[in-house]
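To start, the structure itself, in structure tokens.
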Amino acid sequence: SRPTSTYLPPVKLEDHTRSARHSVVGRPTPPIPEGIEGCIGNTPLFKIKSLSEATGCEIFAKAEFLNGAGGSPKDRVALNMIQMAEEEGLLTPGHGDTIYEGTVGSTGISLATLARAKGYRAYICMPNDQAKEKSDLLHHLGATVERVTPAPITSTEHFVNLARKRASEQTASGEDASKGFFADQFESTANYLAHFKTTGPEIWQQTGGQIDAFVAGAGTGGTISGISMYLKQEMGMAGALRVVLADPDGSGLYNKIKNGVMFSNTEREGMRRRQQVDTIVEGIGINRITENFEAGRELIDDAVKVTDEQAMKMARWLVEKDGIFCGSSSAVNCVAALVTALQMPKGSRIVTILCDSGTRHLSKFWKKVAESGMEEDDEGTDIIAVLGIR
Ligand code: PMP
């Protein structure tokens, strides 16, 4: 006989043979999405039990890795950028139009996925020092990938500037009247507006407006700006909600929030030489102020600096205690959420973001965790001590 689960009742065959319009559960069923783009948004919010117990607060995670197209909050952004471009006539499906973007990861994956679903081509420019698994994935999604030598943002060869150039080249070529659309996630307002229109309202609804702090890192700044604008400006929480930036090693944003300047002169020289933020964490931490960060900058109340070691230890802890296998930026967010909780009254409710799954970070972040010997360690029972906070 079929094994039965105590949680899920066995499905009766006849349930599936009824008319689709006749709900077997006796109440109206939600509409079934038309295509993969219908699987974006409405992600769950859940309590991270171990961190809540450790702090006496309630720490909630918005499970953005469950966005159903590209598996990150960038699905919302990519969809909004495409929809806004269609409304403005910058993209028309089925005309050979191409979406161009400069990206090191998640946004390219979301754009390449949605381009396929909506009848466009995708052309992604990325630095050639990024994990190869990302460009492989983009190839499998059918995108054209141009990998370039890292260059300063002021150079025409920087991957973002190159994507802009390639887009205008296609539009200008005029041969088949197809258009090139430069998505421009760093500067386009469609980015933070996606979070203002969807992620912010979802968090508001899921918490019933009972939220004392919101904690997130910034790559383009779209997430932290869009959600903060919705909660503080649209829902009038400006006096009640504390917004905290989570920032990895090497990023200038922490200083910008704390002291108003990004880098000292010596640090700026170091940044110029390296041309990138010096951290193992991918997706957050930048050394310039983008339009999307600037849009919400004044709404950010505080910042927490997180070391690579703390991020790795948190990632290990979340697997071991909560069964959460996340990527590096999610781990940074969780460290900063924990630090924030310790600064707030007991019982405070704190929301943060789990951006993507650890499976995107196997060859870099999780490899480093394995090499560090942390996986063999008994992590102990006190996360605050494990991270060396207090
Ligand atoms: N986490 C990951 C893995 C990302 O790729 C990004 C975007 N670069 C972020 C977090 C940060 O999001 P945002 O660009 O909205 O600041």
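The values are calculated or read from the model by the stated rules, or taken from the named source; none is laboratory data. These numbers come from a predicted model, not from an experiment. Positions of Cβ are backbone-derived with ideal geometry, glycine not excepted, and every protein chain shown enters the neighbour counts.
Below is a table of values for the structure above.
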| read-out | value |
| --- | --- |
| Output for region 93-104, where each listed residue is surrounded by fewer than 24 Cβ atoms within 10 Å (Cβ to Cβ) and more than 12 Å from the ligand (Cβ to nearest atom) | PRO93, GLY94, HIS95, GLY96, ASP97, THR98 |
| Search result, residues across region 232-257 that are of a type in the set (A, V, I, L, M), farther than 26 Å from SER328 by Cα and crowded, with 21+ Cβ neighbours inside 10 Å | none |
| Any chance GLU157 is surrounded by fewer than 18 Cβ atoms within 10 Å (Cβ to Cβ), away from the ligand (no atom under 16 Å from the Cβ) and part of a helix (DSSP H, G or I) | no |
| Pairs, first over 15 Å from ASN333 (Cα atoms) and free of Cβ contacts under 8 Å to residues at least 60 places away in the same chain in region 38-63, second assigned to a helix (DSSP H, G or I) and of a type in the set (Lys, Arg), C-beta under 9 Å, six or more apart | ILE40/ARG76 |
| Candidate set: region 194-219, residues that are assigned to a loop (DSSP other than H, G, I, E, B) and surrounded by 20 or more Cβ atoms within 10 Å (Cβ to Cβ); chosen: the one farthest from the ligand (Cβ to nearest atom) | ASP212 |
| Helices (runs of 4 or more DSSP H) contained entirely in region 35-130, each with at least 1 residues that are acidic (Asp, Glu) and modelled with pLDDT of 95 or more | 49-55, 74-87 |
| Any hit, region 312-326, residues being farther than 25 Å from LYS134 by Cβ and within 16 Å of the ligand (Cβ to nearest atom) | no |
| All positions within region 370-390 that are under 19 Å from LEU51 (Cβ atoms), modelled with pLDDT of 80 or more and touching a helix residue (DSSP H, G or I) at 6+ places or on another chain (Cβ under 8 Å) | MET374, ASP382, ILE383, ILE384, VAL386, LEU387, GLY388, ILE389 |
| The lone exception for PHE182 - which of (1) within 20 Å of LEU90 (Cβ to Cβ); (2) without any contact (Cβ under 8 Å) to a residue 40 or more places away in the chain; (3) buried (at least 19 other Cβ atoms within 10 Å of the Cβ) it fails | (2) |
| Selected residue [in contact with a helix residue (DSSP H, G or I) (Cβ under 7 Å, 6 or more places away or on another chain), hydrophobic (A, V, I, L, M, F, W, C), within 21 Å of ILE353 (Cβ to Cβ) and within 12 Å of the ligand (Cβ to nearest atom)] from ALA78, ALA54, ALA69 | ALA78 |
| Identity of the residue in region 48-92, among the hydroxyl-bearing types (Ser, Thr, Tyr) and within 25 Å of ARG121 (Cα to Cα), that ends up surrounded by the most Cβ atoms within 10 Å (Cβ to Cβ) | SER72 |
| Residue ID - nearest to LEU231 (Cα to Cα), chosen from residues in region 276-325 that are buried (at least 19 other Cβ atoms within 10 Å of the Cβ) and aromatic (Phe, Trp, Tyr) | PHE293 |
